[in-house]
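**Q** Can you read through this structure? Questions will come right after.
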Amino acid sequence: LEVKAAITGIHQAFEKTQIYLPIQAQVTLDTTGRMLLGTDINAALTILEGMGIDVIGLNCSTGPEHMREPIRFLGENATLPVSCIPNAGLPLNVDGQAVYPLEPEPYANDMYEFVTKHNISIVGGCCGTTPEHLKLLIQKLDNHPHPKRPLQSTPQLASAMSAIAMRQDPAPTLLGERCNAQGSRKFKKLLLEEDYDGILDIARDQVAGGAHALDISCAVTERPDEAELMRKVVKKLQMGVDVPLVIDSTELDVIEIALQTAPGRCLINSTHLESGREKADKIFALAKKYNAAVICLTIDEEGMAKTAQRKYEVAQRIYDIAVNDHGLKAEDLVFDDLTFTLATGDAEFVDSAKETIDGIRLIEEKLPGVMTSLGVSNLSFGFAPQARPALNSVMLYYCVQAGLDMAIVNAAHVKPYAEIDAEERELCEDLIFNRREDALQRFIQHFENVEISSDTVADPTEGMTSEQKLHWKILHRFKDGVEADIDEIINREPTGQRSARHEVAVHTLNNVLLPAMKEVGDKFGAGELILPFVLQSAEVMKKTVAHLENYLEKMEGVTKGTVVIATVYGDVHDIGKNLVKTILANNGYTVVDLGKQVPAETIITKAVEHNATAIGLSALLVSTSKQMPLIVNELHRRKLNFPVLIGGAAINRRFGRRILQTESNEEFYESGVFYCKDAFEGL
């Protein structure tokens, strides 16, 4: 936040004096690769790169050794020139004096590697460096060509600590809707009472449920101070939740104070052309000033665009203003082509849902680089509560198929498309696509007879074996009764021998629980499940395995070895890793679990510290699996000899063979990279 304020102040000085100079913004990272308050390098880049600076980089605090991973990241991802101004190593206390141990030659060698491998543009020396350090560096870099930078970056939002891709794979990016005084009575009540701890609890619940970012609206008729309420809410949330914020307001002063208060990169919700371009111009100016992205509604002077073609035409006009007149990039724009309620039966709107879906497809096709979003629940406004989840869910499914990138939705009110009753799914599709004249009447009549309460619903697992029940419960996210199912399986055969129970427990884990989670992962990868459902299945799995562990024998005595395991940096999913931990621990290994989102430097440091027998790396997503070859290359560079075990939904044996070859393409990592298909392979 201080860096953002400094850059904003510099630009204000430029405007006042009409003197313009290059701005070089550098951050200081500790040995874990984070700034003092915890900001990682990805977030720092996301927040600062669009603030009108000319160079971004690192300086001070550590030597080149601890800058290697962040510098590699900047070299691969920054579109601006990158600088690196390290110390001569970490200081040592020698007779009460700070001594920097890195000699000129190894310093110059490290910096030469940064320039040649990672395309660093500006180098220098900070604490502990001497004229001799810089002399050798200059000699090494004599006549070295100026490195080229990537032309495009991955569009991201950021909290104070970390960044998220605006396009999630699989889609959509979920914007939590419950921190909105217009749509949540509970949030409004807490806001009026200024119960900011209660508001934080709502925010945390949404993040735990899978929200990637939080939509924040503080507009209430009972209070005139929306800007002050927004400032307090943003300040509270930035310290309590590690997700970006979506600033939802119609008032310019409210939007600006939120952007000034939030340390991360925000998304503004929203602008349009209903009264011409004057307000849109001001919104885009704020977005440019504070490096924010903008949700743009397809509304102009004629009102809300109703057909796909009109939606695209309005989007094209807004695009031209933002990009051509204000210098925003296509990736800074998120178009919401709006949807209307289907509850009225008005002939003007019977095709509106279909037009919305077609509009998403057309905007994505005609305006490359932009993104799309939708407030899905508007479609079902006015219907009975028991009817809304099915309709919202079917609409979301078809919008994602059309290319939707973001959805403002309460994940608790959405069902996986494949789990919706076939008859209800057909009724929803008839209504959405206007496939028959009586679609609305049939839809209403059906849901008039559907009870909200599930108290009298028949048990869907009736008649199943306990193994089938467990599989179903993991797949469908039901926690109740999993302990009893485990107990029934274990005690089915009348034996008191613990070894026999252990064998049954192992068989249950390998042949019931793991296949269930694999099916969840496959459905997620195919786009049939959104992230919140995966997380809920993981919680059921966690509870089931915790009870199953009571029957797994832990091998006492001398350990077979120590395995350091982690979910790689950027990945927040750890169910697979946790299963591996359980299996290894119960088969005589000491397991050091580093958790999730673990930087490469931490993994390597801990492996050395614990003299690990092997390192285990997990990644759910294709994007985060790229961390694995980086770790292998760094182990190779440091001449360390830890076998590396890799696994996760995005990983396969071919990937393992590929990353076995180091970045020099001439050598292989001698200690080996081993693909682990499941938690048992290799035991």
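**Q** Sort out which residues of the stretch 380-412 are more than 21 Å from the chain's Cα centre (by Cα), touching a residue at least 24 places away in the same chain (Cβ under 8 Å) and part of a helix (DSSP H, G or I), and write them in order of number.
**A** Within the stretch 380-412, the first condition is being more than 21 Å from the chain's Cα centre (by Cα), and the residues that meet it are 380-395, 398, 402.
Subset that is touching a residue at least 24 places away in the same chain (Cβ under 8 Å): 380-391, 393-395, 398, 402.
Ser380, Arg388, Pro389, Ala390, Leu391, Ser393, Val394, Met395, Tyr398, Ala402, listed by residue number.
**Q** If you don't mind, another one. Taking the stretch 33-83 as the search range and keeping residues that are of a type in the set (S, T, N, Q) and under 19 Å from the mean Cα position of the chain (by Cα), which one is modelled with the highest pLDDT?
**A** The first filter runs over the stretch 33-83 and keeps only residues of a type in the set (S, T, N, Q), leaving 39, 42, 46, 59, 61-62, 77, 79, 83.
Within this subset, residues satisfying the condition of being under 19 Å from the mean Cα position of the chain (by Cα) are 39, 42, 46, 77.
Working: Thr39: 93, Asn42: 94, Thr46: 97, Asn77: 92.
The qualifying residue modelled with the highest pLDDT is Thr46.
**Q** Could you tell me which numbered condition Thr344 fails, if it satisfies all but one of (1) within 30 Å of the chain's Cα centre (by Cα); (2) in a loop (DSSP other than H, G, I, E, B); (3) under 30 Å from Ala384 (Cβ atoms)?
**A** (1)
**Q** Check off (1) assigned to a loop (DSSP other than H, G, I, E, B); (2) touching a Leu at 6+ places or on another chain (Cβ under 8 Å) for Leu620 and give me the number that stays unchecked.
**A** Of the numbered conditions (1) assigned to a loop (DSSP other than H, G, I, E, B); (2) touching a Leu at 6+ places or on another chain (Cβ under 8 Å), the odd one out for Leu620 is (2).
**Q** Tell me which of these Ala219 doesn't satisfy, since it passes every other one: (1) among the aliphatic types (A, V, I, L, M); (2) within 20 Å of Glu193 (Cα to Cα); (3) touching a residue at least 60 places away in the same chain (Cβ under 8 Å).
**A** All conditions pass for Ala219, except number (3).
**Q** Let me ask something additional. Restricting attention to the stretch 232-241, which residues are within 16 Å of Gly209 (Cβ to Cβ) and buried (at least 19 other Cβ atoms within 10 Å of the Cβ)?
**A** Just the residues of the stretch 232-241 that are within 16 Å of Gly209 (Cβ to Cβ), to begin with: 237, 240-241.
Result: Leu237, Val241.
Residues are listed down the side, and each one gets a yes or a no for (1) assigned by TED's automatic domain parsing to the domain that holds Ile631; (2) part of a loop (DSSP other than H, G, I, E, B); (3) charged (D, E, K, R); (4) more than 25 Å from Thr129 (Cβ to Cβ):
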site	(1), (2), (3), (4)
Pro22	no, yes, no, no
Ala25	no, no, no, no
Thr32	no, yes, no, no
Asn42	no, no, no, yes
Gly52	no, yes, no, yes
Thr62	no, yes, no, no
Pro70	no, no, no, no
Phe73	no, no, no, no
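Residue-by-condition table, conditions (1) surrounded by fewer than 20 Cβ atoms within 10 Å (Cβ to Cβ); (2) outside the structural domain of Gly209 (by TED's automatic domain parsing); (3) over 28 Å from Asp242 (Cβ atoms):
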| site | (1), (2), (3) |
| --- | --- |
| Val568 | no, yes, no |
| Lys577 | no, yes, no |
| Thr590 | yes, yes, yes |
| Thr602 | yes, yes, no |
| Ile659 | no, yes, yes |
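**Q** Another question, if that's okay. Output the number of the condition that Arg178 fails; it satisfies all remaining conditions of (1) closer than 23 Å to Ser377 by Cβ; (2) modelled with pLDDT of 95 or more; (3) charged (D, E, K, R).
**A** (2)
**Q** Applying the selection to the stretch 581-617, what residues are assigned to a helix (DSSP H, G or I) and touching a strand residue (DSSP E or B) at 6+ places or on another chain (Cβ under 7 Å)? Outline the logic, then answer.
**A** Step one: list which residues in the stretch 581-617 are assigned to a helix (DSSP H, G or I), which gives 581-585, 600-609.
Selection gives Lys581, Leu584, Ala585, Ile603, Lys606, Ala607.
**Q** Scan the stretch 130-158 residue by residue and report those that are within 30 Å of Thr173 (Cβ to Cβ) and either buried (at least 17 other Cβ atoms within 10 Å of the Cβ) or among the hydrophobic types (A, V, I, L, M, F, W, C) (or both). Steps first, answer last, please.
**A** Initially, the stretch 130-158 is screened for residues within 30 Å of Thr173 (Cβ to Cβ), giving 149-158.
Correct list: Leu151, Ser153, Pro155, Gln156, Leu157, Ala158.
**Q** Any idea which of Arg310, Arg265 is over 29 Å from the mean Cα position of the chain (by Cα) and surrounded by 17 or more Cβ atoms within 10 Å (Cβ to Cβ)?
**A** Arg310
**Q** I'd like to check which helices (runs of 4 or more DSSP H) are fully inside the stretch 231-336 and have at least 1 residues that are closer than 29 Å to Val350 by Cβ and of a type in the set (Phe, Trp, Tyr).
**A** Details: elements: 252-261, 278-290, 308-320.
Ranges flagged: 308-320.
**Q** Next question. Within the stretch 81-122, work out how many residues are surrounded by fewer than 22 Cβ atoms within 10 Å (Cβ to Cβ), closer than 15 Å to Gln26 by Cβ and either of a type in the set (A, V, I, L, M) or assigned by TED's automatic domain parsing to the domain that holds Asn633 (or both).
**A** 2
**Q** Here's another thing I want to ask about it. If Phe383 satisfies every condition in (1) surrounded by fewer than 20 Cβ atoms within 10 Å (Cβ to Cβ); (2) farther than 18 Å from Gly209 by Cβ; (3) modelled with pLDDT under 95 but one, which is the exception?
**A** Looking at each condition in turn, Phe383 falls short on (1).
**Q** Let me ask another. On the basis of being without any contact (Cβ under 8 Å) to a residue 24 or more places away in the chain and within 26 Å of Pro244 (Cβ to Cβ), does Val370 make the cut?
**A** Working: without any contact (Cβ under 8 Å) to a residue 24 or more places away in the chain: no; within 26 Å of Pro244 (Cβ to Cβ): yes.
Considered against the rule, which asks whether it is without any contact (Cβ under 8 Å) to a residue 24 or more places away in the chain and within 26 Å of Pro244 (Cβ to Cβ), Val370 comes out as no.
**Q** I've got another one for you. State which residue is farthest from Leu151 (Cα to Cα) when the search covers only the stretch 5-59 and only residues that are of a type in the set (Asp, Glu) and surrounded by 13 or more Cβ atoms within 10 Å (Cβ to Cβ).
**A** As a first pass, look at the stretch 5-59 and keep what is of a type in the set (Asp, Glu): 15, 30, 40, 49, 54.
Next, from what is left, pick out any that are surrounded by 13 or more Cβ atoms within 10 Å (Cβ to Cβ): 40, 49.
Details: Asp40: 23, Glu49: 13 Å.
Among them, the one singled out is Asp40.
**Q** Any chance you could count how many residues in the stretch 154-189 are under 16 Å from the mean Cα position of the chain (by Cα) and not aliphatic (A, V, I, L, M)? Can you show your working first?
**A** Within the stretch 154-189, the first condition is being under 16 Å from the mean Cα position of the chain (by Cα), and the residues that meet it are 154-176.
From what's left, not aliphatic (A, V, I, L, M): 154-156, 159, 162, 167-170, 172-173, 176.
Here the count works out to 12.
**Q** It is to be established whether one or more residues within the stretch 602-618 are touching an Asp or Glu at 6+ places or on another chain (Cβ under 8 Å), of a type outside the set (S, T, N, Q) and in contact (Cβ under 8 Å) with a residue 12 or more places away in the chain. I'd like the intermediate steps shown before the answer.
**A** First, pick out the residues of the stretch 602-618 that are touching an Asp or Glu at 6+ places or on another chain (Cβ under 8 Å): 604, 618.
From the residues that got through so far, the ones that are of a type outside the set (S, T, N, Q) too are 604.
Still in the running and in contact (Cβ under 8 Å) with a residue 12 or more places away in the chain: 604.
For the stretch 602-618, residues touching an Asp or Glu at 6+ places or on another chain (Cβ under 8 Å), of a type outside the set (S, T, N, Q) and in contact (Cβ under 8 Å) with a residue 12 or more places away in the chain: present.
**Q** Right, something else. Does the stretch 200-216 contain any residue that is within 22 Å of Ala407 (Cβ to Cβ), of a type in the set (Val, Ile, Thr), at pLDDT 95 or above and part of a helix (DSSP H, G or I)?
**A** Looking only at the stretch 200-216, we keep the residues that are within 22 Å of Ala407 (Cβ to Cβ), and these are 202-216.
This time we only want the ones that are of a type in the set (Val, Ile, Thr), so: 202, 207, 216.
From what's left, at pLDDT 95 or above: 202, 216.
Next, only the ones that are part of a helix (DSSP H, G or I) stay: 202.
Yes; the residues of the stretch 200-216 include at least one that is within 22 Å of Ala407 (Cβ to Cβ), of a type in the set (Val, Ile, Thr), at pLDDT 95 or above and part of a helix (DSSP H, G or I).
The values are calculated or read from the model by the stated rules, or taken from the named source; none is laboratory data. No experiment lies behind these values; they were computed from the predicted model shown. In this analysis, Cβ positions are derived from the backbone assuming ideal geometry, glycine residues included, and neighbour counts consider all displayed protein chains.
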